[in-house]
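The values are calculated or read from the model by the stated rules, or taken from the named source; none is laboratory data. Quantities reported herein were computed from a predicted structural model and do not represent experimental measurements. Note: ideal-geometry Cβ built from the backbone for every residue, glycine included; neighbour counts use all protein chains shown. What goes into the accessible areas is simple: the full protein's heavy atoms, side chains included, and nothing from ligands, DNA or RNA. Shrake-Rupley method; radii C 1.70, N 1.55, O 1.52, S 1.80 Å.
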Amino acid sequence: MHNEAVTGKTGKFAVWGCDSNNQPRWLGVRETYDEAVKLQGNMTKAGWTRVAIFDTAHQEVKEKPPTAGA
């Protein structure tokens, strides 16, 4: 996963995708899952492929996680 110390950005969800050359690229971090899904959708609409969301444990997240205390 991208080194947050280098970017100065932290968040709960990192978004990665493959560009038009099918090269993996870091697209950013988002604080909430909904924000990450929005970025994922925007990048997919822009033609990126295999856009995925990862949590802080570097695990791919495919559905909205339960809220704390739920």
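Contact map, the stretch 17-29: residues that are within 13 Å of A52 (Cβ to Cβ) and of a type in the set (F, W, Y) paired with residues that are at pLDDT 95 or above and assigned to a strand (DSSP E or B), Cβ distance under 9 Å, separation 6+ or inter-chain. Pairs shown: W26/A14; W26/V15; W26/W16; W26/G17.
Considering only the stretch 41-59, state which residues are open to solvent by less than 70 Å² (accessible area, probe 1.4 Å) and in a strand (DSSP E or B). If the condition is that a residue be open to solvent by less than 70 Å² (accessible area, probe 1.4 Å) and in a strand (DSSP E or B), then T49, V51, A52, I53, F54 are the ones that fit.
When K38 is tested against (1) open to solvent by 80 Å² or more (accessible area, probe 1.4 Å); (2) at pLDDT 90 or above; (3) touching a helix residue (DSSP H, G or I) at 6+ places or on another chain (Cβ under 9 Å), only condition (3) is not met.
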